[in-house]
Amino acid sequence: MEKFLEGKVAIVTGSGQGIGRAIALELASHGATVITNNRKKGSTSDQFLQGTPEEWAKKSDEEKKDIEAKMASLNGDAETTANTIIERGGKAFPFFGDISKWDVAEEMVKTAAEKFGSVDIVANVAGSFGFGSITEIDEATYDRVTSVKPKGYFNVIHFAAPYMIEKKWGRIINCTSRAFWGDVILHPEYCVANAGVVGLTMAVAMELYKYGITCNAFSPFAATRASVDLDSYSAMNADKLTVGETFLPKYEWSPTPDTLAPFLAYLCTEEAKDYSGCIFSLAGNNIGMYSAPTIAKSVTKYAPEKWTVDEIKAMAPFSLFSDYKPPV
């Protein structure tokens, strides 16, 4: 396998399992030294399994065993991922810590630079979520989810960017979700978090491109622990999980995380140096790119006086709202 990332140092947040782990393994296979990361040693299951104790008690023993088996198969932490990389002949170092904490993000980046000389690649994959309507999500859930995305991503980029600027080279990849545009699944705080990731990605791309640094985001569809949780929670709360009757794909139908990793590794190559500020959709072997938001329609009053409400009433239905379809 070509070692096109030989000599590069990569930080991959949320790489204990799932998509983050797949990206860490892929980057390492191409020669990068990888700093793996998740919040703490051991399972990260406390971030998942939404639902009340009463709801879980209603599940059959067979359902519980199935969920436990799926979760166990996707389990891991920064150390197990790093050990796998080392066992395969690569270089890795685990760092445990919550990137939503300013000082923790700083320490992680400094550790990478002091141990391995620099920071060349940042792949932000860490995330959290919770289900509920806008009237049900509480402050604690909102803060927990949005503290990782986009705040944690901002923290890591803030401390890593100076090393990239100094070398006039860098690659930044941020994990977002289709939810950045709103979602049929009821998790408004998650939509906020991922919209923030898109805004952060665009801002960083614009600012740092002149230094040879790219910044892109990707929206993944893959079988992860979060997928198991969504599957399980939807079985208990189908009536209050989505907007109307919405089809949700099953965990078993989802592609594995490793299918997403090659394209993300490609974004870290020299050949991808001109591609920045892109938002990609990745699902198995399907790679898509979102179009940039543009003004689709407008109406202008060519007069010094401001619009009146009566004028807008007369004009808007035939200009701004012609052919209008509700987004939901």
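Summary of values
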{"item": "Long-range neighbours under 6 Å by Cβ, at least six apart or interchain, first residue more than 11 Å from Phe221 (Cβ to Cβ) within the stretch 280-309, second assigned to a loop (DSSP other than H, G, I, E, B) and aromatic (Phe, Trp, Tyr)", "result": "Lys301/Trp307"}
{"item": "Search result, residues across the stretch 168-196 that are among the small types (Gly, Ala, Ser) and touching a residue at least 24 places away in the same chain (Cβ under 8 Å)", "result": "Gly170, Ser177, Gly182, Ala193, Gly196"}
{"item": "Any chance Ala238 is of a type in the set (A, V, I, L, M, F, W, C), at pLDDT below 80, out of contact with any His (no Cβ under 9 Å at 6 or more places or on another chain) and within 23 Å of Phe154 (Cα to Cα)", "result": "no"}
{"item": "Residue check for Val104: crowded, with 23+ Cβ neighbours inside 10 Å and under 21 Å from the mean Cα position of the chain (by Cα)", "result": "no"}
{"item": "Counted residues, the stretch 192-215 - those being over 11 Å from the mean Cα position of the chain (by Cα) and either within 13 Å of Gly127 (Cβ to Cβ) or among the aliphatic types (A, V, I, L, M) (or both)", "result": "9"}
{"item": "Criterion: modelled with pLDDT of 95 or more, of a type in the set (A, V, I, L, M, F, W, C) and either out of contact with any helix residue (DSSP H, G or I) (no Cβ under 9 Å at 6 or more places or on another chain) or surrounded by 22 or more Cβ atoms within 10 Å (Cβ to Cβ) (or both) - qualifying residue of Ile173, Ile165", "result": "Ile173"}
{"item": "Test for Cys191: is it at pLDDT 85 or above and assigned to a strand (DSSP E or B)", "result": "no"}
{"item": "Val197, sole failed condition from (1) modelled with pLDDT under 95; (2) touching a Lys or Arg at 6+ places or on another chain (Cβ under 9 Å)", "result": "(1)"}
{"item": "Test result for Lys297, modelled with pLDDT of 95 or more and either in a loop (DSSP other than H, G, I, E, B) or touching a Leu at 6+ places or on another chain (Cβ under 7 Å) (or both)", "result": "no"}
{"item": "Leading residue by the ranking (surrounded by the fewest Cβ atoms within 10 Å (Cβ to Cβ)) among those in the stretch 2-36 that are on the phi > 0 side of the Ramachandran plot and assigned to a loop (DSSP other than H, G, I, E, B)", "result": "Gly7"}
{"item": "From Ser60, Ser29, residue being at pLDDT 95 or above and of a type in the set (Ser, Thr, Tyr)", "result": "Ser29"}
{"item": "Of all residues making up the stretch 128-170, the number that are in a helix (DSSP H, G or I), hydroxyl-bearing (Ser, Thr, Tyr) and within 27 Å of Ile185 (Cβ to Cβ)", "result": "5"}
{"item": "Subset of the stretch 285-307 (residues that are surrounded by 10 or more Cβ atoms within 10 Å (Cβ to Cβ) and within 19 Å of the chain's Cα centre (by Cα))", "result": "Asn285, Asn286, Ile287, Gly288, Met289, Tyr290"}
{"item": "Any hit, the stretch 105-123, residues being closer than 20 Å to Leu186 by Cβ and in a helix (DSSP H, G or I)", "result": "no"}
{"item": "Scan of the stretch 141-188 for residues that are farther than 17 Å from Ala126 by Cβ and of a type in the set (D, E, K, R), ordered by number", "result": "Glu166, Lys167, Lys168, Arg171, Arg178, Asp183"}
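The values are calculated or read from the model by the stated rules, or taken from the named source; none is laboratory data. Remember, predicted model here, so these are calculated numbers, not experimental data. Glycine also receives a Cβ, built like all others from the backbone with ideal geometry; neighbour counts cover every protein chain displayed.
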